[in-house]
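Trainee: One structure, as structure tokens, below. Some questions next.
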Amino acid sequence: MYQISIVIPTYNRPEKLKNCLQSLTKLDYNKNSFEVIVVDDGSPQSLESIISYFQPLINLKCIQQKNLGPATARNKGVSQAQGEYMAFTDDDCEVTPLWLSIFADGFAQNPDAILGGFIINKLKENIYSEASQKLVDYLYSYYNAIPEQSKFFTSNNFAISKIIFQKIGGFNTTFPLAAAEDRELCDRLYSQGYKMIYLPKAQVEHSHYLTLKTFWQQHINYGKGAKHFHYIKAKKDLQTIKIEPINFYFNLLIFPIKSDFEIKNIKIMILFILSQWANLIGFVSKF
């Protein structure tokens, strides 16, 4: 039995997956204390050559499923995991060497806590990728202002005990898109009284290349995911759908220029405004 199982859903991004697995070989952590479970979400091309290359280097196995989305893939990965704790990242992420050690130290102090780390945009030259990450940075500053009382972690960098993950039912697989299923999971954990701790030194680098078109579509999808999240939450709490207060959106829009009023940050602020329009369109549209 391993201490930690790293679960990685993947779909049709073999080069990204290769870079992700390469970063795991550089972890400053006992190789015999962790395993890596790649869940192939119905990729059209075989991952056999990549998996076979890394299997002598790390404890690695690959599970295949038909294309059902990352939430289902993560749940399936956990079901096959042998670790006491689950650490999640994505195929377009590269972990830093101390990533797993920081999570392990966190669990040594708080074994029943949910731990989340910091995400770094690796594509600094891509303004759309930078804006997308800055949005996540704002959400972390809003929901995780007190690290020991955090409320939200993205699915590409968090860790949880297997027992707790399975006890609460894992990721909700009713989300039609890969958007907001992590938010719903965190809300469920928080509402049931589980402690969530933000550990910013547990870092991954995210390489999600975006264009104006894909940035727009990404945030339409986020809007659709947010609508489904609020629907589930309202139904569970027997109340009408509630959204964040107006100051949440005001502070969001000025977040890029609060530290520095430079041209790049002004452009990011404009993209923030665009993202909120896309979110609104996604929120009011049908799935």
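Read-outs: derived from the displayed coordinates by stated rules, not from any lab. Being a predicted model, the structure only gives us computed values, none of them experimental. As a convention, Cβ positions derive from the backbone with ideal geometry for all residues, glycine included, and neighbour counts pool all protein chains shown.
Trainee: Can you tell me which of Pro200, Pro56, Pro147 moves the most in a GNM of the chain? Springs connect C-alpha atoms under 10 Å apart.
Mentor: Sorting by GNM fluctuation, first place goes to Pro56.
Trainee: Additional query: Can you tell me, using C-alpha contacts under 8 Å and at least 6 residues apart, the relative contact order of the chain as a whole percent?
Mentor: Over the chain, the number comes to 20 percent.
Trainee: Using Cα springs under 10 Å in a Gaussian network model of the chain, which residue among Gly169, Gly77, Gly42 shows the largest mean-square fluctuation?
Mentor: Maximum among the listed residues: Gly169.
Trainee: Based on C-alpha coordinates, I'd like the Rg and Dmax of segment 121-169, in Å.
Mentor: Cα only, segment 121-169: 14.0, 42 Å (Rg, Dmax).
Trainee: A further question on this structure: Taking amide H positions as placed 1.01 Å from N in the peptide plane, with prolines and chain starts having none, which residues 5 or more places from Met86, or on another chain, fall under 5 Å of its amide H?
Mentor: Amide H to amide H, under 5 Å and 5 or more residues apart or across chains, Met86 pairs with Ser5, Ile160, Ser161, Lys162.
Trainee: For segment 151-168, in order, what is each residue's ³J(HN,Hα) by Karplus, 6.51 cos²θ - 1.76 cosθ + 1.60 with θ = phi - 60°, in whole Hz (x at glycine and Pro)?
Mentor: 10, 8, 10, 7, 6, 8, 6, 7, 9, 7, 5, 5, 4, 5, 4, 6, 4, 8
Trainee: For the pair Gln217 and Asn247, what calculated FRET efficiency results from E = 1/(1 + (r/R0)^6), where r is the Cβ-Cβ distance and R0 = 35 Å, to the nearest 0.05?
Mentor: Step by step, r from the Cβ atoms, then E = 0.80.
Trainee: Which order do peptides 268-280, 251-263 fall in by mean Cβ count within 10 Å, highest first? Working shown, then result.
Mentor: On the way: 268-280: 18.2, 251-263: 13.8.
Per-residue mean Cβ counts within 10 Å order the peptides as 268-280, 251-263.
Trainee: Under a 5 Å amide H to amide H cut-off, with H placed in plane at 1.01 Å, what residues pair with Leu60 once short-range neighbours are removed?
Mentor: Here Val36 satisfy the definition.
Trainee: Where is the GNM fluctuation largest for the chain (alpha-carbon springs, 10 angstrom cutoff): Glu184, Glu48, Glu148?
Mentor: Of the options given, Glu48 has the highest mean-square fluctuation.
Trainee: Report, to the nearest 10°, how far helix 181-191 tilts away from the longest principal axis of the Cα atoms in the chain, using its own Cα long axis and a range of 0 to 90°.
Mentor: Here the helix axis deviates by roughly 90 degrees.
Trainee: Starting from the Cα-Cα distance between Glu15 and Lys286, subtract it from 0.36 nm times their residue separation and give me the gain in nm to one decimal.
Mentor: Additional length available on full extension: 94.2 nm.
Trainee: Which of the peptides 21-28, 104-111, 84-91 is most tightly packed, and how do the rest follow, judged by the mean count of other Cβ atoms within 10 Å per residue? Could you put the intermediate results ahead of the total?
Mentor: On the way: 21-28: 16.8, 104-111: 15.0, 84-91: 24.2.
In decreasing order of mean packing, 21-28, 104-111, 84-91 become 84-91, 21-28, 104-111.
Trainee: What is the helix-to-structure angle for 14-24, meaning the angle in degrees between its Cα long axis and the longest Cα principal axis of the chain, kept from 0 to 90 and rounded to the nearest 10?
Mentor: 70
Trainee: Which of the three applies to segment 144-230, rounded, prolate or oblate, going by the alpha-carbon gyration tensor with a ≥ b ≥ c and a/c under 1.5 meaning rounded?
Mentor: oblate
Trainee: Please list, in chain and number order, the residues 5+ apart from Ser43 or on another chain whose amide H is under 5 Å from its amide H, with Hs placed from the backbone.
Mentor: Asn12
Trainee: Report the calculated FRET efficiency for Tyr53 and Leu98 (r = Cβ-Cβ distance, R0 = 25 Å), to the nearest 0.05. All intermediate terms of the calculation are to be shown ahead of the outcome.
Mentor: Numbers: r = 24 Å, r/R0 = 0.98.
It comes out at approximately 0.55.
Trainee: Also: What full-extension length gain, to one decimal in nm, is calculated for Ser259 and Leu274 as 0.36 nm per residue of separation minus the Cα-Cα distance?
Mentor: 3.3 nm
Trainee: Tabulate in residue order the Karplus-calculated ³J(HN,Hα) for segment 77-94, using 6.51 cos²θ - 1.76 cosθ + 1.60 with θ = phi - 60°, rounded to whole Hz; enter x for Gly and Pro.
Mentor: Result, ordered by residue: x, 5, 4, 9, 6, 10, x, 6, 10, 10, 10, 10, 8, 10, 5, 9, 10, 10 Hz.
Trainee: With label points built 7 Å along Cα→Cβ from the Cα atoms of Ser46 and Lys201, find their separation and express it in nm.
Mentor: For Ser46 paired with Lys201, the spin-label model returns 4.4 nm.
Trainee: Hey, of (i) 18.8; (ii) 14.7; (iii) 22.1, which did the structure itself give for mean projected area of the Cα convex hull in nm² when calculated?
Mentor: Recomputing mean projected area of the Cα convex hull in nm² here picks out (ii).
Trainee: State the Cα centre-to-centre distance between segment 139-189 and segment 46-114 in whole Å.
Mentor: About 16 Å separates the Cα centre of segment 139-189 from the one of segment 46-114.
Trainee: Could you give each residue of segment 49-65 its phi-based ³J(HN,Hα) in whole Hz, using Karplus coefficients 6.51, -1.76, 1.60 with θ = phi - 60°, and x for Gly or Pro?
Mentor: Using θ = phi - 60°, the values come out as 5, 5, 4, 5, 5, 8, 4, x, 9, 9, 6, 10, 9, 10, 10, 10, 8 Hz.
Trainee: Just for the Cα atoms in segment 83-220, what are the lengths along the principal axes, largest first, rounded to whole Å?
Mentor: 41, 34, 28
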